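Comments concern the structure below.
The values are calculated or read from the model by the stated rules, or taken from the named source; none is laboratory data. Just so you know, these numbers come straight off a predicted model, no measurement behind them. Cβ sites come from the backbone with ideal geometry, for glycine too, and all protein chains shown count toward neighbours.
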Amino acid sequence: MSRIIEHFKTIAKIPHCSGQAHALRDFLVDFAKQHKYNVELDNADNILIYKGEPHLALQAHYDMVCMGEAPNIEVYEENGWLKAKNSSLGADNGIAIAMMMVLIEDGYNLEFLLTSDEEIGLIGANNVEFELQSKYMLNIDSESEAEVYIGCAGGIDIKATKSLKMISNDLDCYEVSIFDLPGGHSGVDIDKNIPNAIIQLAQFLHEHDISLVSIGGGERINSIPANAKAVISGNNIEFLKSKNVAIKQIEKQSYKFEESIIAHIAAFGHGVLKFNDDLGIPQVSQNLALVSLQEDILTMEVSIRAMSIDELDLQAKATANYFRDAGFAVDKRDKYPAWNPEENEFTEMSAKCIYEVFGKSTYKAIHAGLECGVLKQKYPHMLFASIGPTIVYPHSIREAVDLESVEKTFEVLKTIIQKVG
């Protein structure tokens, strides 16, 4: 077993869900100090580890999206892939952290910027306070081998709330659910036709005359919902039965809601809204990620991504108006900028190093929020690039990382370090 995978398996045993990664933060600080590196923490729980007079900063985030049984992660290998049983794996971005740990063990003169809470709005990157010496920054958070990422989407989240009118109910009640859909990353997987459990359930219910008692669905703001459940009221609803939807009668509820909100959910424009043929990725997308109904307050949460800040603002305005027109109050939050695709001497150097190892290389942009967009504004003197091993289905219980890709990508990383000097 490689040292990278050994370190990754150690990391996997330390809970580090977004917003709850203090144990891993403390572990990494102690690890760096044990190897005689300088360590700084800022008020956002970002970690800066450094030694010597470095020219290169490596950057990754140390939180993960916890799905399924995570943070209780049981790692296993299958046919050359590393996976987790019934949970997300945390290869995004734990593999990068494990690579950094090997480099720290080997005493490289580098800056290591480990950011906090990337997965819930790039919080660490937005609030980073360190002064960095390096001329170059290499992000290790992209997810396809043999590619240099030179641009990424910006994003914003929208939370819409509305008070619904409750009325008495004397009809039978049923729980209707869709569960265990594949799920996936709301950016890189949004164009893969992965079904959204919330949308599917709403569309199913919209086809029939039902009254709503409650509804809930989704797991994380940046994940395509895999599960959704509603309680409805009515008589003789056996016709609702479907092989794709689970239905069971439950105890009668004393209230339901007067207005129909199912139609509004069913009509929401989830998915790719505009495609960029030149980059081969979505240009604008949105994911209806979370829906809940607590007492009489309906809450819907959406993540929007776009490859330019202007299009991000336009879509955020359109989505906000969609909710406002239906009587919702709207809150926009956790906005982060796009990283406009840019080739420079560092991206060219990275591409050449990739070619040396893989025999091929290409430039790419990603429809997800790499921290380069934020950090480029914080450190305008730096040149940026992003690489990473092949990781499939991040932000889901299907997440897996290609073991051979990990080792080859690490060879690329060491080659870049050598060339930077």
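When LEU290 is tested against (1) buried (at least 18 other Cβ atoms within 10 Å of the Cβ); (2) out of contact with any Asp or Glu (no Cβ under 6 Å at 6 or more places or on another chain), only condition (2) is not met.
Kindly evaluate GLN283 against the criterion of being within 28 Å of SER18 (Cβ to Cβ), modelled with pLDDT of 90 or more and part of a strand (DSSP E or B). Lay out the reasoning, then the answer.
On the way: within 28 Å of SER18 (Cβ to Cβ): yes; modelled with pLDDT of 90 or more: yes; part of a strand (DSSP E or B): yes.
In short, yes.
Going by the conditions given, is ALA289 within 30 Å of HIS55 (Cβ to Cβ), hydrophobic (A, V, I, L, M, F, W, C) and in a strand (DSSP E or B)? Considered against the rule, which asks whether it is within 30 Å of HIS55 (Cβ to Cβ), hydrophobic (A, V, I, L, M, F, W, C) and in a strand (DSSP E or B), ALA289 comes out as no. Of all the residues in the stretch 72-94, those that are surrounded by fewer than 24 Cβ atoms within 10 Å (Cβ to Cβ) and in contact with a Ser or Thr (Cβ under 8 Å, 6 or more places away or on another chain) number 2.
Yes/no per residue for (1) out of contact with any Leu (no Cβ under 7 Å at 6 or more places or on another chain); (2) outside any helix (DSSP H, G or I); (3) of a type outside the set (S, T, N, Q); (4) in the same structural domain as THR299 (by TED's automatic domain parsing):
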residue	(1), (2), (3), (4)
ALA125	no, no, yes, no
GLU129	yes, yes, yes, no
GLN133	yes, yes, no, no
LEU138	no, yes, yes, no
ASP141	no, yes, yes, no
SER144	yes, yes, no, no
VAL148	yes, yes, yes, no
LYS162	no, yes, yes, yes
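When the residues of the stretch 327-349 are narrowed to those that are of a type in the set (A, V, I, L, M, F, W, C), within 27 Å of the chain's Cα centre (by Cα) and not in a loop (DSSP other than H, G, I, E, B), which ends up surrounded by the most Cβ atoms within 10 Å (Cβ to Cβ)?
Here is the first cut: in the stretch 327-349, the residues of a type in the set (A, V, I, L, M, F, W, C) are 328-330, 338-339, 346, 349.
After this cut, where a residue has to be within 27 Å of the chain's Cα centre (by Cα) as well, the list is 328-330, 338-339, 346.
From what is left, the residues that are not in a loop (DSSP other than H, G, I, E, B) are 329-330, 339, 346.
Values: ALA329: 11, VAL330: 18, TRP339: 27, PHE346: 22.
Among those residues, the one meeting the criterion is TRP339.
Pairs meeting the criteria (first residue in the stretch 303-327 and more than 14 Å from GLY154 (Cβ to Cβ), second residue assigned to a helix (DSSP H, G or I), beta carbons under 8 Å, at least 6 apart or on different chains) are ALA326/HIS264.
Does the stretch 293-321 hold any residues that are surrounded by fewer than 19 Cβ atoms within 10 Å (Cβ to Cβ) and either in a helix (DSSP H, G or I) or in contact with a Gly (Cβ under 6 Å, 6 or more places away or on another chain) (or both), and which are they?
Within the stretch 293-321, the first condition is being surrounded by fewer than 19 Cβ atoms within 10 Å (Cβ to Cβ), and the residues that meet it are 294-297, 299, 308-310, 313-314, 317-318, 321.
Matches in the stretch 293-321: ILE309, ASP310, ASP313, LEU314, LYS317, ALA318, ASN321.
Of all the numbered requirements in (1) assigned to a loop (DSSP other than H, G, I, E, B); (2) over 17 Å from TYR379 (Cβ atoms), MET100 misses one, and that requirement is (1).
If GLU295 satisfies every condition in (1) modelled with pLDDT of 95 or more; (2) among the acidic types (Asp, Glu); (3) under 30 Å from HIS208 (Cα atoms) but one, which is the exception? For GLU295, the failing item is (1). Considering the stretch 115-140, and only residues there that are modelled with pLDDT under 95 and surrounded by 24 or more Cβ atoms within 10 Å (Cβ to Cβ), the residue that is farthest from the chain's Cα centre (by Cα) turns out to be LEU122.
Which is more than 27 Å from the chain's Cα centre (by Cα) and either more than 20 Å from SER134 (Cβ to Cβ) or among the aliphatic types (A, V, I, L, M) (or both), of ASP45, ASP30, ASP63?
Working: ASP45 fails: more than 27 Å from the chain's Cα centre (by Cα); ASP63 fails: more than 27 Å from the chain's Cα centre (by Cα).
On inspection, the qualifying residue turns out to be ASP30.
Taking the listed residues ALA197, ALA226, the one that is under 18 Å from PHE268 (Cα atoms), touching a helix residue (DSSP H, G or I) at 6+ places or on another chain (Cβ under 9 Å) and not charged (D, E, K, R) is ALA226, with no other qualifying. Whether a residue is touching a residue at least 40 places away in the same chain (Cβ under 8 Å), on the phi > 0 side of the Ramachandran plot, within 27 Å of the chain's Cα centre (by Cα) and part of a loop (DSSP other than H, G, I, E, B) was assessed, and ASP180 passes this test.
Would you point out the residue of the stretch 80-133, among those that are acidic (Asp, Glu) and in contact (Cβ under 8 Å) with a residue 12 or more places away in the chain, that is farthest from ILE5 (Cα to Cα)?
Taking the stretch 80-133 first, the residues acidic (Asp, Glu) are 92, 105-106, 111, 117-119, 129, 131.
Subset that is in contact (Cβ under 8 Å) with a residue 12 or more places away in the chain: 92, 105, 111, 117-119, 129.
Details: ASP92: 14, GLU105: 14, GLU111: 22, ASP117: 23, GLU118: 22, GLU119: 22, GLU129: 31 Å.
By that ranking, first place goes to GLU129.
Can ILE224 be described as more than 30 Å from SER308 (Cβ to Cβ) and in contact with an Asp or Glu (Cβ under 7 Å, 6 or more places away or on another chain)? When the stated conditions are applied, ILE224 does not pass them. Of all residues in the stretch 222-240, those satisfying the criterion of being surrounded by 23 or more Cβ atoms within 10 Å (Cβ to Cβ) and touching a residue at least 60 places away in the same chain (Cβ under 8 Å) are ASN222, SER223, ILE224, PRO225, ALA226, ALA228.
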